[in-house]
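Quick notes on the structure that follows.
The values are calculated or read from the model by the stated rules, or taken from the named source; none is laboratory data. For clarity, every value in this text was computed on a predicted model and none was experimentally measured. As a convention, Cβ positions derive from the backbone with ideal geometry for all residues, glycine included, and neighbour counts pool all protein chains shown. Note: areas computed on protein heavy atoms with side chains; ligands, DNA, RNA excluded. Shrake-Rupley method; radii C 1.70, N 1.55, O 1.52, S 1.80 Å.
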Amino acid sequence: MFNLDGTLNDSVDGKIPAEYAGLDRFEARKQIVAAFDAAGLLVSVDDHGLKVPKGDRSGTVIEPWLTDQWYVSTKPLAEPAIAAVEDGRIAFVPKQYENMYFSWMRDIQDWCISRQLWWGHRIPAWYDESGKVYVGRDEAEVRAKHNLGADVALQQDNDVLDTWFSSGLWTFSTLGWPQQTEFLKKFHSTDVLVTGFDIIFFWVARMIMLTMHLVKNEDGTPQVPFKTVYVHGLVRDGQGQKMSKSKGNVLDPLDIIDGIDLETLVQKRTTGLMQPTPKLLKKIEKQTRDEFPEGIASYGTDAMRFTFCSLASTGRDIKFDMGRVEGYRNFCNKIWNAARYVLDKGEDCGQNGEAFELSLADRWIISQLQRTEAEVTRQLDQFRFDLAAQALYEFIWNQYCDWYLELSKPVLWDENAPVERQRGTRRTLVRVLEVALRLAHPFMPFITEEIWQRLAPLAGIEGKTIMLQPWPVANEARIDEAAESDIEWLKTLMLGTRNIRAEMNIGPGKPLAVFVKNASSEDQRRLTENDALLKKLAKLESITVLAAGAEAPLSATALVGDMEVLVPMAGLIDKGAELARLDKEIARLQGEVQRVGGKLSNAAFVDKAPAEVIDKERAKLAEAEQALGKLAEQHARISSL
């Protein structure tokens, strides 16, 4: 009964009185009510609450209107698409999203593929003057197929294909299909599709169905569009809300990269809304001013990219936190400052085949690099970008920058150190950083490229860009467990003395005379081999190994395994502060003993846990109890003063 413009038509077999034909529907309704009233037929006019659908932008009432549409019968298409996922030709990562795919596909309905839009792929159907429809690839094919001469007027359907239908053709239509082009042969099937869980049915399923129906392998079997579907989460704002223009909580990545002041950000978030009511504008402005009181600082592209990689867990949602971006900007700065040190010290690093000797620290960082290479690659292969980023961050920040650079300084600053030893350290500094840059490049392309361009000549590497360098591959033969064990022992001893300094408020530059008790032969070997390194980095005046049964002066204590590291308190330590420190450490160990003891006394745990796990927990309990006893003795000695 309606025309396209919402007026009443005159073609409903005379059921619409002539005086209403051509009237707008709202005006016609008023006149009909008035006619009822004039005829004495109107009982009352009452308000009736109902939801009236309106267009988002125009606010116009939307009227249901039945029209002819084009449909695709999808069940025959769905069956081979379901089988492709069931038999593993296509895999979902994470795997649980297969269930979402199957739930849609096994209950699939016919698909309406025609849309009344001004743009898109036009429906390939033509009508003659009598309304008969002809379908073909183009008008020439239609005329040839149905013997239609030039005297027969044809009009193409005005509708266009559904966006998801057009998108579903993407994997092969971009490569020259239906012609068997070289691109199609070479690049189809693709390998990995990256997408969000919210369009698994709308896009992923349609691509699988259409590709398998239209593209065939050389043996005539259906070809899948891709082999893996990696499903990521949706990025939400800091409060966990879905980012939406209408909510005014969208973050433009460019604003995180380049920065934006508060007033410009408020204006940006309150402009171009679909329904900019004063209440909504006020709410968005308040929320923006509360969340970003000083606007958004400039964090750079690399920091933002690394943030998203670190947040890319297997969950559905990614709760965005600007604090993480700031932390990873600091990570970029850490890499840059480390590179400055390496570039300054990297000359004469054996790139031309000169003899070199690796120190303990060199062997340790090379060993750690092999483990990091293997771990980053393993996690990337499993699409765990968050764990790959975590492994990379841990290696570069904590191992390479915080420890190895410090361990390299005594070697490079020692004028009496052998040239070969210094060359080995320079070589390790350069080569380990170069490999770390290649590992980090997919996450942080800009800073890694900039540093690599300067570092590559020192490493003796030729090439115009880091992008074309090979991906690092771990070499198990270079894993040095002995060096790793020695350095971990060294780190524990140094951290122990640093903690004593911090807690006893002893200046970092004041040399300490240290006594060592209960040192095993292995401990003594390590002390001897690393004496100069310990004295330099831990600022130790002397290291004295006490004989069995010998009494040490009253001291602050740190434990390195069974070995006790004693810092005499005379003239250095405040008795009350040391007792407070010991109380804190004793309380921590008591909690650990209680926690592990409770676990081991739990029959359900002991019965179900593997034997090696139980043994590990028992060893942990014994170690904590032993340490607790030693600290209790120390506490008693100090208390007796």
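Helix by helix through the chain, keep the DSSP H runs that span 27 Å or more along the axis on Cα and average at least -0.5 on Kyte-Doolittle, and give those back in order.
Flagged H segments are 419-440, 481-504.
Suppose every K and R has +1 on its Cβ and every D and E has -1 on its Cβ; what is the size of the dipole of the range 461-532 about the Cα centre, in Debye to the nearest 20? Write down the numbers at each step before the final one.
Numbers: 9 positive and 12 negative charges, 93 e Å.
Dipole magnitude for the range 461-532 comes out near 440 debye.
Counting Lys and Arg as +1 and Asp and Glu as -1, each charge on the Cβ, what is the dipole of the range 339-406 about the Cα centre in debye, to the nearest 20? Write out the running numbers ahead of the final one.
On the way: 6 positive and 13 negative charges, 54 e Å.
Value, rounded to 20: 260 debye.
Going down the list 186/216; 242/268; 510/536; 535/620, which pairs span over 20 Å between their C-alpha atoms?
Details: 186/216 14 Å; 242/268 18 Å; 510/536 12 Å; 535/620 31 Å.
Cα-Cα > 20 Å for 535/620; rest within.
Can you give the three extents of the C-alpha atoms in the range 510-617 along their principal axes, from longest to shortest, in whole Å?
52, 35, 29
Taking the alpha-carbon distance from residue 616 and a cut-off under 16 Å, which lysines remain once sequence neighbours fewer than 8 residues away in the same chain are dropped?
By straight Cα distance, residue 616 reaches 599, 608.
Among all the aspartates and glutamates, which ones have a C-alpha under 20 Å from residue 575's C-alpha, if same-chain residues fewer than 8 places away are not counted?
503, 551, 564, 583, 585, 633
Helix-derived [θ] at 222 nm for the chain: sum -39500 (n - 2.57) over DSSP H runs of at least 4, divide by residue count, nearest 500? Each step should come with its number before you reach the end.
On the way: 24 runs with 309 residues, N = 641.
Helices in the chain give a 222 nm mean residue ellipticity of -15000 deg cm²/dmol.
Using the Cα centre of the range 94-193 as origin and beta-carbon charges of +1 (Lys, Arg) and -1 (Asp, Glu), tell me which of 176, 152, 112 is placed farthest towards the positive end of the dipole.
176
Determine by what factor the alpha-carbon radius of gyration of the chain differs from 2.2 N^0.38 Å, reporting the quotient.
1.43
Taking the dipole about the Cα centre of the chain, with the C-beta of Lys and Arg at +1 and of Asp and Glu at -1, give me whichever of 40, 544, 166 is farthest to the positive side.
544
Sort out for me the Cα centre separation of the range 349-423 from the range 575-614, rounded to whole Å.
34 Å
Going Cα to Cα from residue 54, which aspartates and glutamates come in below 20 Å? Please leave out same-chain ones fewer than 8 positions away.
5, 24, 27, 63
Quantify, in whole percent, the carbon and sulfur part of the accessible surface of the chain (1.4 Å probe; protein heavy atoms only).
53 percent
Would you mind getting the accessible area per residue of the chain, heavy atoms of the protein chains only, 1.4 Å probe, in Å²?
Details: 35790 Å² over 641 residues.
Ligands and nucleic acids excluded, the result is 56 Å² per residue.
How big is D for the range 103-262, in µm² s⁻¹ as a whole number, if Stokes-Einstein is applied with the Kirkwood radius of its Cα pairs at 25 °C and 0.890 mPa s?
In µm²/s, the coefficient is 126.
Please get the size of the charge dipole for the chain, origin at its Cα centre, with Cβ charges of +1 on Lys and Arg and -1 on Asp and Glu, quoted in debye to the nearest 20.
940 debye
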